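For reference, the structure discussed in these notes is given below.
The values are calculated or read from the model by the stated rules, or taken from the named source; none is laboratory data. What you see is a predicted model; the values in this text were computed from it and never measured. So basically every Cβ, Gly included, is an ideal-geometry build from the backbone, and we count neighbours across all protein chains shown. Areas reflect the complete protein model, heavy atoms only, side chains present, ligands, DNA and RNA absent. Shrake-Rupley method; radii C 1.70, N 1.55, O 1.52, S 1.80 Å.
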Amino acid sequence: MAIVARVDPFFWRLFDALVGLLKEEVVHVWGIKGNLEKLKGNLDKTKALLQDSESWIEQEFKSLWVRDLQNFAYDAEDIMELCLIHRDEHPLVLQHNIRSVLCCFSSSSLRCFPCTSFTGQPLFGIEMGKKLEQLDNNLEQIYTNGAQQVRKIRDNNDKGKSTDPYPTVLVGEHIKESKNSLVNSIVEETRNQLQVFAIVGMTGIGKTSLAKAIFNNETISRCFAIRVWLYVPQSYSNLEALDTMVIFGPGKDYKAVKTLSSAELYSLMNQVRPDEPVLIVLDNVHRAEVYRQLRETTICIERSNIRIIVTTRNRALAREMGAELIYNVPNLSIMDSLELLRREVGMERDQIKEFENIGKQIVSRCDFLPLAVEKIGMKLRNEKSKEHWKDVLQSNDALKNVMEELELSYIELKRPLKRCFNYFCLFPPNFSFYTDKITRLWIAEGFIKQNNIAMEKSAECYFKELVDKSFLQADCCETAECYFKELVNRSSLRADCCKTKFKVKSLLHATAMSQINHENFYGDMDQLDLALRSGMKLRRLSLACNSMVINLPKEVRSCLRTLLLFNSPKVRRVEDDLFNKLPHLRILDISFTSIESLPESIQNLKLLKHLDLSHTPIVSLPERIGDLKDLQFLNLIACRLLHSLPGGITKLCKLGVLAVEEKSVTHLPKGMGEMKLLSHLQGYVVADNYAQHSSSLMELTSLSQLTFLSLFHLEKASTPTDQVLNKLTHLSNLQLHCSDYQSSPHQLSQQTPHESREIYEKLCPPDSLEELTISSCCFFPPSWMEKKNLKTSFPNLTKLVITSWTSHQLPPLGQIPKLQYLRIEGAHNVEFIEDEFVGGCPTLESLILHRLSNWREWDMNASLPQLKYLEIAHCPQLMALPGGLMLCTALEKMEIFLCSALRHDQNYNAVRQAILRKKERPQRLKDLVASSNAETSTTGGSKAQISANGEEILPYQGEETSSCTQHTLHETKKASTSAGSERKAETD
């Protein structure tokens, strides 16, 4: 199966590309149609061989046959793309039929066509014909060798092993508290219907152990007349073949039945009354069929009072089964990991102290994964030699069994997901990254198949699926606060700064490395030399370079597709002719280097799709950058010395994402409206009115595919003659900034032109807008922000951020029908906030008010029924909170700091006490509100959080996450280092 996983996706995409190329008329002109058809025939055979091997599990994934297949696919894909690029660069060929073109190749006109041979066939066609013939011969030989190896591969689909409900010891107070919360939720649920509760997490995280602890809990045994444990193997076919254990009543013995039919199980259940509650555990579920079949049995049809606990690695599967509650099992804390290691080793607590330092290294290497810690502990059992512990720490075999379990999880991934996950090999383990960073690389590599859905959306779906399947974990330093509120410390709101970061744990990273270690390389130049000596044919290179000049060994140049530089601040330039030697390069990331310019030879990177120059001191871009016709992503963020872009950039007709540093670039070139495929334009800088060669706002009307747009220096713009944005029907995220959005209010009032309101009148957003940021914009809000127009102007807006608002009054934003998140910052002229500001808003969940330095009174009588989070900061003159907050029954978290006048406010203390009482009350599922801004598989407080799909996510109070989330309501007093003032924070 792993063979198919790594090779099959190449062939599906290659086969589609070949079929498409055969339909092109130009292949007749080039004289390569016969070569392509012959190649297609051999591809058909190879594809059938792969399809027939879906059930294989290879014995040696490093087989030469697998490598040969992958290398062939890469080489063939390169040739296909070169053909398409050559077609686009010579469009005149397509303007004539084949006969007229061949007439042009007659002997009388050969002098005018130097790119043809004496036979009349274009030289490009002759060259491609030779390459295709060589490819076909290679594939024929590969197919022959592969057919022989197929006979040697064993069929070994089911490597699962049965589990039983015999109790195990849970380690860690936090996981025990979570167990009790789950038990309470299951027992207190009074609805007389079938309910599903899911325990989700990666392989080895302890899902089964937690399910056993719940299954054997004393409260559970008292409340359920019958408890049934069903282990679901990976090769599940029907209920009749499942290993089953049944328990009658509290404290009764287990009755184990290896192949219990549903009829037999029904007969056993008939021994208790139909209204008696029944608990069923489905352990190790891989597909939803087992749940659907169980629901259709007589057991579930005739009994309504049934609770089902499901353990699975797939969060999406839990949703598919309609789980009422989804609990994501977190990793152990470092201290709990050490305690588990101590128990497995068989040491007393006083004995483990002298091994604590090396023990921490061991559990860290285990990623704090319970299964890994247990396996290591078994190897160290009764061993009291530090030298032996060090040997185990450094041994590659110590975690072999764990790696095999993780590889089984990897094998279950869909074909496209495997390729996407393997890409993380180019980054170090536990490296934190934003979603956009990775998904754009996937698209540039060609991992995302084009269909009716935009490739960006498809890539995001793949990313989310990897998160759901526990292959990616949210970074604990970002998670809880990022999902519940924005912690943006800079005034300039970037497109990705508020998103959660993710990472790949080191054990999963090693799993990916084991799959394609001969294609991807991550390391420095010395390590690269060693890898090349071993015969690796690298396609992707992530390199740390300590020299001042980028130069690559000749062994990697001819087939390299991706080049990423990391930890390379000394690099100042690229070897002049390097780009001439990288004909198949698709991704070039030289961010965070000291490169000041690019050689003109960059124009020869015909297949380049992704260029990242961010955080470099680059001064200018080559004019011929416009020759990169396939370029889709260009990142110029934090290029502080880059003041202008060349006019040739407007020739990048396939560019989808352009990110520019607005603080340094003075204008964008005229002709931006020609870039029809732009979907993400970050840093559109409006130039002075007199700039002759700069783009104007009206050019934006042509960019109909835009989904994200940020505009800067709007005070410099001429008033547009017509509405600019209303034709951008796909626009979902808009940011409007004036140049002084970080200035003080006094400077702003002197520098903002009076005509700004007229400009904003022409920037009325389209109905599709979901997120809006306004910074330092105008003295009076435009008409589309007036009370009478808010509902019609923003029918889909969910998030609104306003900074440096200069008006004395805030708009009545409670009129926006779907608003969930609102942040106001720097509204220094506001003294009084009226009830209609947000009062009565039915959907608002998070409200953040910062730096309203003159704000004194807040009138709010109407309730905010969905408000969960409130934060007020740097508002020293605010005297009291409104009484309407007492009506906000959903409020779960409140943070107030640097608001000294609120210290003795009665409403403030009443709201705080109400949250505390709510915290102390037992929670029932039916009392929880199923809504939140984002869906997360990460941890929170002991109070339940709710995902976007209405699932309750029980949080985990892990020791490692306590620094980024606060789980209990408490007050803290902290001296301010700047003013010596007291800081009070109330958190749930």
For segment 752-791, which residues satisfy the criterion of being open to solvent by 40 Å² or more (accessible area, probe 1.4 Å), modelled with pLDDT of 90 or more and not in a loop (DSSP other than H, G, I, E, B)?
Glu771
For segment 700-717, give me the residue count where each residue is open to solvent by 10 Å² or more (accessible area, probe 1.4 Å), closer than 13 Å to Leu763 by Cα and without any contact (Cβ under 8 Å) to a residue 40 or more places away in the chain.
1
Note on segment 291-334: residues β-branched (Val, Ile, Thr) and either open to solvent by 20 Å² or more (accessible area, probe 1.4 Å) or in contact with a helix residue (DSSP H, G or I) (Cβ under 7 Å, 6 or more places away or on another chain) (or both) are Thr297, Thr298, Ile299, Ile301, Ile306, Ile309, Val310, Thr311, Thr312, Ile326, Val329, Ile334
Only residues that are open to solvent by 70 Å² or more (accessible area, probe 1.4 Å) and modelled with pLDDT under 85: list them for segment 719-732, please.
Thr721, Asp722
Within segment 515-534, restricting to residues that are open to solvent by 50 Å² or more (accessible area, probe 1.4 Å) and hydrophobic (A, V, I, L, M, F, W, C), the one that is nearest to Asn71 (Cα to Cα) is Leu530
What number of residues within segment 841-885 satisfy the criterion of being touching a His at 6+ places or on another chain (Cβ under 8 Å) and open to solvent by 30 Å² or more (accessible area, probe 1.4 Å)?
4
Residues of segment 511-561 that turn out to be modelled with pLDDT under 85, of a type outside the set (Val, Ile, Thr) and closer than 23 Å to Ile411 by Cα, as a count:
7
Looking only at segment 432-463, and only at residues there that are small (Gly, Ala, Ser) and in a helix (DSSP H, G or I), the one that is nearest to Gln632 (Cα to Cα)
Ala444
Scanning for something among the polar types (S, T, N, Q) and over 16 Å from Ser695 (Cβ atoms), does segment 659-673 turn up at least one residue?
yes
Only residues in segment 78-91 that are in a helix (DSSP H, G or I) and basic (Lys, Arg) count as the first member; pair them with residues that are at pLDDT below 70 and open to solvent by less than 40 Å² (accessible area, probe 1.4 Å), Cβ under 7 angstrom, at least 6 apart or cross-chain, and list the lot.
Arg87/Val26
Scan segment 535-564 for residues that are within 12 Å of Glu519 (Cα to Cα), open to solvent by 10 Å² or more (accessible area, probe 1.4 Å) and small (Gly, Ala, Ser) and jot them down.
Gly535
Quick check: anything in segment 860-871 among the hydroxyl-bearing types (Ser, Thr, Tyr) and either at pLDDT 95 or above or assigned to a loop (DSSP other than H, G, I, E, B) (or both)?
yes
Within segment 565-577, identify whether any single residue is of a type in the set (S, T, N, Q) and closer than 30 Å to Leu82 by Cβ, and answer yes or no.
yes
